[in-house]
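Q: Following this message is one structure expressed as structure tokens.
The values are calculated or read from the model by the stated rules, or taken from the named source; none is laboratory data. As the structure is a computational prediction, the values presented were derived from the model and not from experiment. Neighbour counts run over all protein chains shown; Cβ positions are idealised from the backbone, glycine included. Just so you know, the surface numbers come from the protein's heavy atoms only, side chains and all, with ligands and any DNA or RNA stripped out. Shrake-Rupley method; radii C 1.70, N 1.55, O 1.52, S 1.80 Å.
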Amino acid sequence: MSSVALAILVLAILALIFGVILGFAAVRFKVEGDPIVDQIDALLPQTQCGQCGHPGCRPYAEGIAAGEAINKCPPGGQTTIDQLAELLNVDSIPLDSEHGVEDVRKIAYIREDECIGCTKCIQACPVDAILGAAKQMHTVIVDECTGCDLCVEPCPVDCIDMLPVATTTLNWKWPEPPQTNNLIATDRQPRFEENPS
Amino acid sequence: MKVFSFHGGIHPPENKKQSTRASVRTMPIPKSLVIPTQQHLGLAADPVVSVGDKVLKGQIIAEPVGRISASLHAPTSGTVTAIEAQPVPHASGLTAECIVIESDGLDQWIEHQAIDYKGIERSALVNQIRQMGIAGMGGAGFPTDVKLNLGSDHIVTTLIINAAECEPYITADDMLMREHASEILEGIKIIQHLLEPTHTLIGIEDNKPNAIRALNEALAETDIDVDLVVVPTKYPSGGERQLIQLLTGVEVPSGKIPADIGIVVQNVGTAQALHRAINHGEPLIQRIVTVTGEAVEHPGNFWTLIGTPFSELLSAADLKPGAMHRLVMGGPMMGVAAETDSIPVIKTTNCLIAATDSEMPEAPAAQPCIRCGMCEQACPAQLLPQQLYWFAKGKEFEKAKNHNLFDCIECGACAYVCPSSIPLVQFYRFTKSEIRAEELEQRKADHARERFEARQARLEREAIEKAERRKARAAEAAKAQAERKKQSSSETAQDDTAALKTAAAVARTKLKKAEIALKNAQDKGLDGVETLQATVDKLKQAATEAEQALQNSSTTEAVQSTPTKSEPKEAKPDLKALKQQVSIMRTKLKKAEAAEEKDESEIEALKSRLEEASKAHTDADNALIELAQSAGIDLKQLRIDVAMAKVAITKIERAISKSDDETEQEALKTDLESAKSHFAQLESQLKPYE
Amino acid sequence: MSLIRMSSPHVTRSNTSSGVMQLVILAMIPGILALTLFFGWGTLIQVAICLASGLAFEALALKMRGLPISRYLGDYSATVTALLLAVSIPPSAPLWIGIVGMFVAILFAKQVYGGIGNNPFNPAMVAYALLLVSFPVQMTSWNLPYVLSGSEGWSIPAISESLSLIFAGSSQMMDAYTGATPLDILRNRDGFTTEEMWRSNQTLIEGAAAYHALSAAWFMGGIYLIYKKVFTWHTPVSILVTLGFVSAIAYGVDPSNFVDPFNHLTLGATMLAAFFIATDPVSSATSNRGRIVFGMGIGLLIFIIRTWGNYPDAVAFSVLLMNLAAPMIDHYTQPRSYGHKRARLGPKGE
């Protein structure tokens, strides 16, 4: 009988000690705020395009933190999905084509002689990258444009073009060298050419 | 002088003898010179000439933009024929902005003169160097004035003149030293004057005995405190950081520049160019270019004007027809292969190699890395090239960065020794540019986030302000209402009746117009019938209400018959709506036409609808014009007048902003006033018909 | 004009992986000749068996992976593996030993990891270790050096005899030819001291010279490869110095129970291991400092396993164990890059 009592006593004391330690740790190492949302937000491309169904990148980051799918961001594409998958320790999945497809980076340009100065695109722009006033011609600040597409739809005269960013000597990138050898038997590929260059 | 050593390095075949047999020849002036606006690190220069301008030799044609930039000068006299995108010496093979000058063959100098650099302010001297367009001629093209104007936070202890010229084939610096050693020393004096280093070293590889002799002779003749240090021939001893290690035993810390440890390195070519610019007033418009390779009959060095196309140089060295397989700008280790020979010589072009197929054969297909470690033995930066290669191949950019990828100087020693023929340097360049692009994207994203958040905050603030204003207005209105109630008189009542009458008439007209529009729309099956219907309904109700109100007031007041002309103003909403409809129709039609699956019938329907809509618009407009005519006004003329008045105002405004003279400004201002009043008058006339 | 555009450098040294492998093969010739001289035609027959089966397995694997067979066979890596295994197994081992060995070496130790450049272990040593564990009798049956067997000076049995031994594989015949190797004799002394063994054992008295000569042949080949800059001196020197140093201490403390350093270096496969096995770049450490550590590990393990282990020689296990440690060695022996105060240590940032 006494041994049972002793066991209970020991367990109780242990529970108390660990309770105190855990309680102390909870206070001492408390994590402020909700940094996971910030981390997710940092990975999103910040185009604020709303293709994910949220009004901006941060709301989607909050959505992902709350368990939403990570494949709803076409501007970020597979790269962003992979990064998110790594951050959240989940499997990477292909982009959900319901929200759009991956495309080259584009920038909005207003065909200025056709612009009627309705200011609708200015109101639509999430990053204030369009300059202009009522009945005055508008123009896009190219450096600020995220290519989100949101100004195209509201334009009543369709004078906004989304043009791919041109490659110049300044933003040109070295191409990846051809991959010649591969790793294991699962990477069986179409017949190798003797001289790929 | 003790010579230190650096890790790794290779000994590729030198191939320098071929181009040093003859002395430096001078290229004839080419018919057309192409001068890229970006020949240096930093921002491209901004052209200050326009097409058709006549320029003289040495005349400035583009000015530097920002701190790190260099100006450009006309290499010979002639006419600017174009400012356009042309192929430039760049690894991408892309085109960039160039100024094209057609030479007139006179080679007529602009007025220029020497400067006594000891007698002028430092800042003036630095500015003069900037104006002369001097940029590093060793390869990178860093603007020299920036390197020579370090500010007080950098104390220079050692000045190193880079004469190593370690890359195979290139002999431009070698020949310059043989033939112009004293000019180089004069240039070094200018640098010494600006930097005041405690000692100056010239680093030269031991494979240039003639140049060493020439320099020693020149040193004996002049009074200058310089040590000539001969270093063993090993590639890449001419790399800035490697040369510093060779001569001083010090390493430049990663991510820092030599100036941070009190060392400045200048190329011999730059020193000579400085001498020409300061002591003769000649801007940097020519340089020595080595033309070599097995595909030219007579390899050699040429004094070449900046902007000379490669094709001219190649033919001057007697290019063997059909033999050239690869054209390399720069040396074989770090040079860039060109796709066309129409590319011009720029300030950093030190060598052209016209290589045959056997001389520089296409690299065999890369084999798997066997981790032999030869690359690591060769790497002058003591990196782990094979490790970096695995990371680059697996696109593990973060790891590559952590393994000091950005300390790689892309010298090519690793790829040179690789037994598996792996294009290691290209892997590193690819990885570097991916990382740089990623970082740029990240910065952009952060910036966009900031702007987005700022906008959200602003919108919120505006919403709150709006709500507050509305509240305040409501309170005001309530107060006014109360006051009006207090002092109601018969006079106001009479006015009220008149107002009510007008309102009723207005409402009736509106209703009528809307009904016509509705009927039109229904007949023609235009879009927006529902909205129009709703408008008509609303207007009907409004008209009835107005009628009611008038009748109510008529019972108490005598009705005075006033001739109520139908207000032309009321045509306005109609006209505007029609105009918008026309443009929307046009857009729709365009979209339908642009659509991938063109539905011909739909396009036809849209076309006819567009026609109808525009007809309706013209009809309405014509009706307005007729209406105006009945009032004795030529609407068309009036519109033109208004537009003219507007233009006049803008013109005067622009003139005011441009003019400096105060009295002139005053006069212009009075003009502006009268123009404005004229405009206001015209506009008020037009207003009812708009 | 059709000019080609590619990344610099535009010239490369005319060395190739296959060239490196060819040099290794060349350097192995003295050793193979010495083996034939002292142990009979069996060695050459084993070389032929291993080469044929090794290249066949390699071709099969390349075909299955859809890679160009001729190009990858032309890198000679399978040839080197076959030669290494052929000189490691007893010259009179039955036919299937070589074939099973090459099957393991090429398919399991090399190709399943991704072929040349991707194998974490030395393929020949994986095969050797597996054979040794699975077929200890066949793998430890070394015949005595033939300097002993002929009463009237040196003579080796006819090639037909070796052929029948290998292809027919009669164990009776084998018994007649084989015996313990010198290192084995020195370990299993039945209570005698090493000195007594040296005095009493015929194999040691007359056979040691053959082993010394064989080691000299490997050593010569190794020096040639260092001269040809196929590999640096770091790994072999580190192995030899470590083994010599450790065994010298042990011998100095207790000469009657430990083998002397010279015989440690020359009686077994030490030279072969130091110059031809441990220097396999794929599975060893990459930096110079790393290679010194790698070699020290091998030298130490050879001594430990020879002295207290159960197997006749320790080279295969030592090399395999250090192959395991190579990635970690690489992590901790990274060079200090130019412009950095300290070297990166460990897998930080990976």
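Q: What order, most packed first, do the peptides A:15-21, B:295-301, B:513-519 have when packing is the mean number of other Cβ atoms within 10 Å of each residue?
A: B:295-301, B:513-519, A:15-21
Q: Would you work out the charge dipole size for the stretch C:16-178 about its Cα centre, treating the Cβ of every Lys and Arg as +1 and the Cβ of every Asp and Glu as -1, and quote it to the nearest 20 debye?
A: Numbers: 4 positive and 5 negative charges, 116 e Å.
Its charge dipole is roughly 560 debye.
Q: Over the stretch B:286-409, what is the relative contact order in percent, taking alpha-carbon pairs closer than 8 angstrom and at least six residues apart?
A: The normalised contact order for the stretch B:286-409 reaches 23 percent.
Q: Put +1 on the Cβ of every Lys and Arg and -1 on every Asp and Glu Cβ in the stretch C:211-331; which of C:LEU321, C:SER287, C:ILE302 then has its Cα farthest towards the positive end of the dipole?
A: C:SER287
Q: Still on this structure: Based on the mean of other beta carbon atoms within 10 Å per residue, what is the order of B:609-621, C:107-119, most packed first? The partial results should precede the final answer.
A: Details: B:609-621: 17.7, C:107-119: 21.0.
The densest-packed peptide leads the list: C:107-119, B:609-621.
Q: B plus A alone minus the pair: what accessible area, both sides summed, probe 1.4 Å, in Å² to 100?
A: Values: alone 37360 and 14170 Å², together 48080 Å².
That pair of chains buries around 3500 Å² in total.
Q: OK, next. Once neighbouring chains are kept in place and the probe is 1.4 Å, which whole percent of the accessible area of the stretch C:16-178 is contributed by carbon and sulfur?
A: 73 percent
Q: For the pairing of chain C with chain B, what total accessible surface becomes buried, with a 1.4 angstrom probe, in square angstrom to the nearest 100?
A: Rounded to the nearest hundred, the buried surface is 4700 Å².
Q: Could you tell me the relative contact order of chain B? Use alpha-carbon pairs under 8 Å, at least six residues apart, and round to a whole percent. Spell out each step's value before the answer.
A: Values: 1130 pairs, mean separation 80.1, N = 690.
Normalised by residue count, the contact order of chain B is 12 percent.
Q: Sum up the charges of everything whose Cβ sits under 14 Å from the Cβ of A:GLU102, counting Lys and Arg as +1 and Asp and Glu as -1, but leave A:GLU102 out.
A: Numbers: positive: A:LYS72, A:ARG105, A:LYS106; negative: A:ASP82, A:ASP96, A:GLU98, A:ASP103, A:ASP149.
In short, -2.
Q: How large is ³J(HN,Hα), in whole Hz, for each residue of the stretch B:96-108 in order, when computed from phi with the Karplus curve 6.51 cos²θ - 1.76 cosθ + 1.60 and θ = phi - 60°, using x for Gly and Pro?
A: My calculation for the stretch B:96-108 gives 8, 4, 9, 9, 9, 10, 8, 6, 9, x, 7, 6, 8 Hz in order.
Q: Further question on the same structure: To the nearest 100 Å², how much accessible surface do chains C and A cover up together, summed over both, with a 1.4 Å probe?
A: Details: alone 17310 and 14170 Å², together 30380 Å².
The buried area between C and A, both sides summed, comes to about 1100 Å².
Q: Quick query: amide H of B:GLY9 versus all other amide H atoms, modeled in the peptide plane; which residues come in under 5 Å with a sequence gap of 5 or more or a different chain?
A: Amide H to amide H, under 5 Å and 5 or more residues apart or across chains, B:GLY9 pairs with B:CYS379.
Q: Around B:ALA675, with a cut-off of 11 angstrom between Cβ atoms, what is the net charge of the other residues, counting Lys and Arg +1 and Asp and Glu -1?
A: So the environment of B:ALA675 carries a net charge of +1.
Q: With everything on Cα atoms, drop me the angle between helix C:42-65 and the longest principal axis of chain C, reported from 0 to 90° to the nearest 10.
A: 30 degrees
Q: Once you list every other residue whose beta carbon is under 13 Å from the beta carbon of B:SER421, what net charge do they have if Lys and Arg are +1 and Asp and Glu are -1?
A: Within the 13 Å Cβ shell, the charges total 0.
Q: Helix C:123-134 against the longest principal axis of chain C: what's the angle in degrees, Cα atoms only, rounded to the nearest 10?
A: Value to nearest ten degrees: 40.
Q: Assigning unit charges at the beta carbon (Lys, Arg +1; Asp, Glu -1) and nothing else, what dipole magnitude in debye, to the nearest 20, does chain B show about its Cα centre?
A: Computed about the Cα centre, the dipole is about 2140 debye.
Q: Could you tell me what a quarter of the Cα convex hull surface of the protein assembly as shown works out to, in nm² with one decimal place?
A: With every direction weighted equally, the projected area is 82.8 nm².
Q: Using only atoms on other chains, find how many Cβ atoms lie within 10 Å of each Cβ of peptide B:442-451 and report the average.
A: Across the residues of B:442-451, the mean count of other-chain Cβ atoms within 10 Å is 6.
Q: Which is farthest toward the positive dipole end of chain A among A:ALA124, A:THR167, A:LEU16, measuring Cα position about the Cα centre, with Cβ charges +1 (Lys, Arg) and -1 (Asp, Glu)?
A: Farthest towards the positive pole: A:LEU16.
Q: Each residue of the stretch B:399-412 in turn: what ³J(HN,Hα) in whole Hz from Karplus with 6.51, -1.76, 1.60 and θ = phi - 60°, glycine and Pro shown as x?
A: So the J values, rounded to whole Hz, are 5, 4, 5, 5, 8, 6, 3, 6, 8, 5, 9, 6, 6, x.
Q: With a cut-off of 8 Å between alpha carbons and a minimum separation of six or more residues, what is the relative contact order of chain A in percent?
A: Working: 227 pairs, mean separation 29.2, N = 197.
Relative CO of chain A lands at 15 percent.
Q: Quick check on the protein assembly as shown: of the DSSP beta bridges with both residues there, what percent are antiparallel, nearest 5%? It would help to have the intermediate numbers written out before the result.
A: On the way: 46 of 68 bridges.
About 70 percent, rounded to the nearest 5.
Q: Of all beta bridges DSSP finds with both residues in chain B, what is the antiparallel percent, to the nearest 5? Working shown, then result.
A: Numbers: 37 of 59 bridges.
Taking every DSSP beta bridge within chain B, about 65 percent pair in antiparallel fashion.
Q: With everything on Cα atoms, drop me the angle between helix C:315-332 and the longest principal axis of chain C, reported from 0 to 90° to the nearest 10.
A: In chain C, helix C:315-332 runs at an angle near 30 degrees to the longest axis.
Q: Per residue, what accessible area does the protein assembly as shown have, given a 1.4 Å probe and all protein chains present, in Å²?
A: Numbers: 59710 Å² over 1237 residues.
For the protein assembly as shown, the per-residue accessible area is 48 Å².
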